[in-house]
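Undergrad: I have a structure I would like to understand better, so I am pasting it below and will then ask my questions one at a time.
The values are calculated or read from the model by the stated rules, or taken from the named source; none is laboratory data. Just so it is clear, the model here is predicted, and its values are computed rather than measured. Glycine also receives a Cβ, built like all others from the backbone with ideal geometry; neighbour counts cover every protein chain displayed.
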Protein chains: 2
Amino acid sequence: MARIVMKFGGTSMAGSERIRRVASIVRRQQEAGHEVAVVVSAMAGETDRLVGFCREANALYDPAEYDVVGAAGEQITAGLLALTLQSMGCKARSWLGWQLPVKTDDAYAKARIEDIQSGALLASMAAGEIAVIPGFQGLSPEGRVTTLGRGGSDTSAVAVAAAVKADRCDIYTDVDGVYTTDPRIVAKARKLKNVTYEEMLELASVGSKVLQTRSVSLAMKEKVRVQVLSSFIDDDAPAADTLPGTMIVGDDELARIQEDMEMERQLITGIAADKNEAKITLTRVADRPGAVAAVFSPLAAASINVDMIIQNIAKDKGETDVTFTVPKADLLRTQALLEEHKDAIGYYRLISDDKVAKISVVGVGMRSHAGVAATMFKALADRGINIQAISTSEIKVSVLIDQDETELAVRVLHTAYALDAE
Amino acid sequence: MARIVMKFGGTSMAGSERIRRVASIVRRQQEAGHEVAVVVSAMAGETDRLVGFCREANALYDPAEYDVVGAAGEQITAGLLALTLQSMGCKARSWLGWQLPVKTDDAYAKARIEDIQSGALLASMAAGEIAVIPGFQGLSPEGRVTTLGRGGSDTSAVAVAAAVKADRCDIYTDVDGVYTTDPRIVAKARKLKNVTYEEMLELASVGSKVLQTRSVSLAMKEKVRVQVLSSFIDDDAPAADTLPGTMIVGDDELARIQEDMEMERQLITGIAADKNEAKITLTRVADRPGAVAAVFSPLAAASINVDMIIQNIAKDKGETDVTFTVPKADLLRTQALLEEHKDAIGYYRLISDDKVAKISVVGVGMRSHAGVAATMFKALADRGINIQAISTSEIKVSVLIDQDETELAVRVLHTAYALDAE
């Protein structure tokens, strides 16, 4: 017997027919002898509907009241899944965020979970009752409804799994696992059996939309084993234990698994492409202490997240070009801020380019191997792909290229790192 | 300064534009210097949508989970009204059923309010914050969501008014008050300035749909002054204090008001028609002790509400005809039960008629006046309207007639009791 937390997203909960499908997946876990808790999202489209109402009511809405409205979507699906499970002969009951309670801070609309009381929940699960928990919602210190921000249900699921010390947290999505890269770009992309928390974090931060970043951080911190798998499986498919999803595990566990399977550690785990950044170049910035700070301070003050930065040292004139990237959504705001501070910074021209893509290779294996970046640069150069900027972390190398070359670059690198399926 | 509870139904809350209208009505009360709490229904159609989901999930649904789903509708409108009030510059916050809490029994889906904690609510209202409370919902002794049954928001409003010792509970509806009779039938129907709880109860029980019966009983018990008025008023209409709605008050207060205004007490307050009953006649029932009990016991056991009963004493044969009415919705079930018990009862034929109408004249004034019934019978007889059954209470006389003559009878009686407007 294991204790399992399952999480289903909005697409899986959209309508009675799909909820019935979810219920049968859940029931199979219980029939396999497991204690089961299920965390659910609102029906696809419902949160947008509710947010739309809030915007109409008050453009600058009070996040505490927004949360009262927004939390209703998950409350509805939690009740409906409990009812559906009951109709299939299972014992089931819903536990709303304020009932457990899921204690959060008071950052309404983007609250963070602080603690989940698990006593009543564990007793109910031990008595064979399937616990159905609305994701996304919690209770603030002053006793009001909070929500965790968009995509918060993944985080709810991981937090519940940590609270009940679950053996596994299964996240059912509309993909069936984590791939070496986007299978729509590379037909030979392979589904990964395992991936580490760190890799998942890097992949999420560079555009792989499988899991919400915050849920992965929490899983890493709480050492929750998270499995990503598809909710679009046949009714007669095997139970999740034997389903070929992707398991997200710690570094040590991955090493142990790979040793057990006599697998060689992969150098690179996956390749991600992110088209959501824009590039800005400021020409002829004074090459003196404080000049670069003058560029980035106003952006930081406006909470604009600067990612890659390159500074070309000028040879003689005491001037330099500064290039960096910001989220595409913040491009106009960034331009306005830089125009505003033009005199203080002292630059000649502002050149922006939103037709760029960031390509990242990610893998914990690169910690112990040199030459990962060199392989990347050579493979791209061989195909004439120009690198406009570079950034690296311990387990990631990212390059900025022309957006038109995104797919080509991903395919070239997938082959270069020998990730193609047979 | 007064303390006022306002209640708005689903039609008034259907969509952002209407919620804005409601908010401006509420704001006007606050600007008039009053402490204000608002009780809201779900958007029109929303509860039906949620109930539909529950039925699809589980035909024989668990009422506790049904309540989790059903209560979401009012949660949404409460948050939206608070947001809308804030957008107009008012301080406002929502108080969900479990937050106050509105303590109920554990009869899920048809819970009764037992107690409302008013401390935090009163403090918030005293601080100038408009309290927005979702109707229809409460908290069971075991800490789960309950709902009060359809139309329960009226009851929520009256209960909140009792808890905060409100000076008045204003129920905004899609009619602008209580009339002497249905204005669609009698063009000269007059809106009543005042009506007593007892009259309102009788009018509600015979088909006047203005207020839910349970809310009137509660108002009577708790001595809450309830005003019925229209939510479809112009933005520049006067505040509700001076709005010409109908005030529901106690017997003593009505007498005092009428004395103050040097008005003569009306004999009859209103006339209601109810087409929701069906008539059943059992012929040749044995005229012996226990025979009538044999008819009605099985119906009582099946919770079928028998209303009017007439027994024609036969002259010689030791047999009698028994006629009575039941709700039209229960007619088939009643017939089946009577067929089943035919031998035990011992009757000859069962004759049913669902083309009947019950016409009732209601008024506390009739307590002190004889001749009310006689006036009714004569007025109907003068127009050739045949009376099939009669029942009376202390403040009501009802007759059963052919349904085709409903409107004629109402008009004849409206004139006979001198209720027509000038």
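Undergrad: Filter the range B:87-123 down to residues that are within 12 Å of another protein chain (Cβ to nearest Cβ) and hydroxyl-bearing (Ser, Thr, Tyr) and give me whichever is nearest to B:Lys7 (Cα to Cα).
TA: B:Ser94
Undergrad: B:Ala381 fails exactly one of the following numbered conditions: (1) surrounded by 13 or more Cβ atoms within 10 Å (Cβ to Cβ); (2) of a type in the set (A, V, I, L, M); (3) within 21 Å of B:Ala273 (Cα to Cα). What is the number of that condition?
TA: (1)
Undergrad: Determine which single condition B:Met13 fails, assuming it passes every other condition in (1) over 30 Å from A:Gly15 (Cα atoms); (2) part of a loop (DSSP other than H, G, I, E, B); (3) touching a strand residue (DSSP E or B) at 6+ places or on another chain (Cβ under 6 Å).
TA: (1)
Undergrad: Which residues, counting only those in the range B:200-249, are modelled with pLDDT of 90 or more, small (Gly, Ala, Ser), under 30 Å from B:Ala278 (Cβ atoms) and in contact with a helix residue (DSSP H, G or I) (Cβ under 6 Å, 6 or more places away or on another chain)?
TA: The one that is modelled with pLDDT of 90 or more, small (Gly, Ala, Ser), under 30 Å from B:Ala278 (Cβ atoms) and in contact with a helix residue (DSSP H, G or I) (Cβ under 6 Å, 6 or more places away or on another chain): B:Ser215.
This table checks each residue for (1) crowded, with 21+ Cβ neighbours inside 10 Å; (2) away from every other protein chain (no Cβ under 13 Å).
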residue: B:Ala2; (1), (2): no, yes
residue: B:Phe8; (1), (2): yes, yes
residue: B:Ser16; (1), (2): no, no
residue: B:Arg27; (1), (2): no, yes
residue: B:Glu31; (1), (2): no, yes
residue: B:Val39; (1), (2): yes, yes
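Undergrad: Let me ask another. Kindly indicate the residue of the range A:131-145 that is within 12 Å of chain B (Cβ to nearest Cβ) and in contact with a helix residue (DSSP H, G or I) (Cβ under 7 Å, 6 or more places away or on another chain) and also farthest from A:Ala161 (Cα to Cα) among those meeting that condition.
TA: Filtering first and then ranking leaves A:Arg144.
Undergrad: Another question about this same structure. Please work out if A:Asp154 is crowded, with 22+ Cβ neighbours inside 10 Å and either within 14 Å of chain B (Cβ to nearest Cβ) or part of a helix (DSSP H, G or I) (or both).
TA: Here the answer is yes, as A:Asp154 does meet what is asked.
Undergrad: Please verify whether the range B:179-198 includes one or more residues that are touching a helix residue (DSSP H, G or I) at 6+ places or on another chain (Cβ under 6 Å), under 24 Å from B:Val399 (Cα atoms), in a helix (DSSP H, G or I) and modelled with pLDDT under 90.
TA: No, the range B:179-198 has no match at all.
Undergrad: Also: Restricting the range A:41-73 to residues that are more than 9 Å from every other protein chain (Cβ to nearest Cβ) and in contact (Cβ under 8 Å) with a residue 40 or more places away in the chain, which is nearest to A:Met6 (Cα to Cα)?
TA: Here the answer is A:Ser41.
Undergrad: Right, something else. Might you let me know whether the range B:102-120 holds any residue that is buried (at least 21 other Cβ atoms within 10 Å of the Cβ), among the polar types (S, T, N, Q) and either assigned by TED's automatic domain parsing to the domain that holds B:Val145 or modelled with pLDDT under 95 (or both)?
TA: yes
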